[in-house]
Structures are given as C-alpha cells and as structure tokens.
Amino acid sequence: TTVEVAAAEASLETEDGNVSTNFNEKQIQYVPNPGQDLTYIAQVSAGVVMNTQAGGGNFSAFGLPGYSNMFTINGMDYLNSFGDNNKSGATNNSLGANEMQSVTVVNNGYSGNYGRMVGSNVNFVTKSGSNQVHGNAIYEWNGSSLNANNFFNNRNDTPRPFDNVNQWAASIGGPIWKDRTFFF
C-alpha cells in the first residue's frame, strides 16, 4: 500500500497589496450593530477605526479620511453626490444589514479594478429570492435595566440615565415563476 501526501504552500500575494476581509450572512448578523448601519461592519476590518475627525464618513482606513471610502451595492456605486460619502446610517439608511448576504471590505485597494478611491472599498451583496419562500424577522431591545451606570455617575450619586432602543427588521423572498423570476 502506498500513501502519497501532497500539500501546496500558501502563496504570497505578489500582484497587489490589497487587505481584504469577507463577511458572510451569519457574521453580518452577529456583529453588534447599533442602528443597523450598513457601514458599521467595515469597522471590524484590518486597519479601520471609527472616524473621529470632522467631516463625512463613519470610519477611516489606514489613516485616510472617510471621504476616501468607496461603497458599492451589487457592484454599483453607492455614494452621495455631495462629498462622495456613504449613503447609510444617519446620512441616508435606505437598506439595513438584514438585507445583506455578504460584505467584502478591501483596504489598500490600489489595483485598477477598484479605481477612484484610495480608502476602503466596501461591496455589499444583497439577498435575493429563490425557488423556495424564505425570510426572517428580527427584534432587538436594549433598555436602562440592561445597562450599567458609568464610573462618574456612580461617584457623584447620579442615577443611571434612561435608555430605550427598539430595532426591528424583516425580509421575505421567493419565486414568482419557478427558475425564472424571483422577489425579495
């Protein structure tokens, strides 16, 4: 009996310096995301920090300003005409995280296929219909009884502030004509 073992070495990316992070549907669902902001998921990618500078954009990648980020949904540009910042969160949340099937965040994407923007390139892929009806409903609540008081309030005998956050989402998809036309 002969046992032959073969293994390929992990290849080093020599074509470009892209730092890419992929998120599937479950990962998107389980990242704590206040407000279901589409751009929030990018903040857990390598080299990304929450934007604390004045100006647009929710996050900064490798020190580049928030205006340097490129957003696409299903491959189409999704930028605001003023300043090219994102259309999500407080600035135009038209789709929520519940509608996303996958998200890819590419940082240092200087290769030609990303073009124009030098910050993060964030591509969202939406869920779609199929031959079977499927969907979900989500409800999340956070209130004062679930939150601890902070150090300074405790030190000054200040009561815990009131907090009541309700978030919900739902989706449904299925066939219109089997194997041809779907809705979501």
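Overview of results
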| item | result |
| --- | --- |
| Sequence of Asp77, Asp163, Asp157, Asp37 from largest to smallest accessible area, 1.4 Å probe | Asp157, Asp77, Asp163, Asp37 |
| Sequence of Met76, Met70 when ordered by accessible area, the most exposed leading, probe 1.4 angstrom | Met76, Met70 |
| Accessible heavy-atom area order of Leu64, Leu146, highest first, probe of 1.4 Å | Leu146, Leu64 |
| Segment 137-184 - convex hull of the alpha-carbon atoms, volume per residue in Å³ | 81 |
| Difference of contour (0.36 nm per residue) and Cα-Cα distance, Glu4 to Ser20 | 2.4 nm |
| Surface accessible to a 1.4 Å probe, per residue, for the residues of segment 125-184, Å² | 80 |
| With every protein chain in place, segment 142-184: carbon and sulfur % of accessible area (1.4 Å) | 55 |
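The values are calculated or read from the model by the stated rules, or taken from the named source; none is laboratory data. What you see is a predicted model; the values in this text were computed from it and never measured. For the accessible areas, the whole protein counts, side chains as well, though only heavy atoms, and no ligand, DNA or RNA atoms are used. Shrake-Rupley method; radii C 1.70, N 1.55, O 1.52, S 1.80 Å.
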